[in-house]
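I have placed the structure first, in the form of structure tokens, so that the comments after it can refer back to it.
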Amino acid sequence: MSTESGYLYCMTNSAFPDFVKVGFTLKNPVEKAEELSNGSVPLPFVVEFAKLVVAPNEKEKTVHKLLEKYSERVNPVKDFFKIEKDRVSDFFDLMDGEAWTAAPVVPVDAWKTLVDKVFELLKKEYPKWSLVNLGQAKMRVATAIKAKYGVTANPTAEQVKEAMSNDPVTTIPV
């Protein structure tokens, strides 16, 4: 048995609402979520809970066996299961280890990503605006969306329009 420590984690992704991802990492669980989110998934992964354990690889195999028995594994070589996260938490509670608590971590590029997405939405909504007007509006709109939905929000056209309508500086062309 390994004496290496690592984290068992349970993650969700709103792109896959019926499934949880249960695996292990030797990194901080948030770093693992960011790594997975940089792949070809449309929305970011969220760490629901994790546990620092000894021999995480062996513990992952044990949890996977339990999950296969009490839920549906989507693909035998993937870590996705069709089960409520609360049920997964019950299995985690059976293992020794220390519950992980997340310090609020904001991805370094989250603000830039939000601003870039807002800019693209503004360009689509207001194609006749100059780049100067778009650039000025994007910062105010991104700031408003961040305040209401958080820096990791995936802005929508409706949210951009709402932020624009609440902005006393930006006039919306008719």
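Values in this text are rule-based calculations from the coordinates and carry no lab data. The model shown is predicted, which means the values in this text are computed figures rather than measured ones. Every residue, glycine among them, receives a Cβ derived from its backbone with ideal geometry; neighbour counts consider all protein chains shown.
Below, the figures for the structure above:
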read-out	value
Segment 110-165: mean projected area of Cα convex hull, nm²	3.2 nm²
Stretchable slack from VAL74 to LEU131, in nm (0.36 nm times residue separation minus alpha-carbon distance)	15.9 nm
Rounded to whole Hz, the Karplus (6.51, -1.76, 1.60) HN-Hα couplings of segment 54-65, x for glycine and proline	8, 6, x, 5, 5, 5, 4, 4, 5, 4, 4, 4
Calculated FRET value between LYS124 and GLU31, using beta carbons and R₀ = 45 Å, to 0.05	0.85
Dipole moment magnitude, nearest 20 debye, segment 1-42 about Cα centre, only Lys, Arg, Asp, Glu C-beta charged	40 debye
Electrostatic dipole magnitude of segment 5-99 [Cβ: Lys, Arg +1; Asp, Glu -1; Cα centre; debye, to 20]	260 debye
Relative contact order of segment 28-144, pairs being alpha-carbon contacts under 8 Å that are 6 or more residues apart, as %	22 percent
Computed [θ] at 222 nm, deg cm²/dmol, the chain (DSSP H ≥ 4; -39,500 (n - 2.57); rounded to nearest 500)	-14000 deg cm²/dmol
Potential extension, ASP96-ALA147 segment - 0.36 nm per residue separation minus Cα distance	14.5 nm
³J(HN,Hα) computed for each position of segment 29-38 - Karplus, 6.51 cos²θ - 1.76 cosθ + 1.60, integer Hz, glycine/proline x	x, 5, 4, 5, 4, 5, 4, 5, 6, 7
Selected from TRP111, SER14, VAL88, residue furthest toward positive end of dipole (the chain; charges at beta carbon)	TRP111
Of HIS64, PRO76, ALA153, farthest towards positive along the dipole that unit charges on Lys, Arg, Asp, Glu beta carbons give the chain	ALA153
Nearest 10 degrees, 0 to 90: helix 131-149 Cα axis against the chain principal axis	40 degrees
Estimated dipole of the chain in Debye, rounded to 20 [Cβ of Lys and Arg +1, of Asp and Glu -1, Cα centre]	620 debye
Karplus 3J(HN,Hα) series, Hz, for segment 69-79 with 6.51 cos²θ - 1.76 cosθ + 1.60 (x for Gly, Pro)	6, 10, 8, 10, 8, 5, 9, x, 10, 10, 9
D (Stokes-Einstein, µm²/s), Kirkwood Cα radius, the chain, 1.306 mPa s at 10 °C	87 µm²/s
Gain upon complete extension [SER165, ASP109; 0.36 nm per residue less C-alpha separation]	17.5 nm
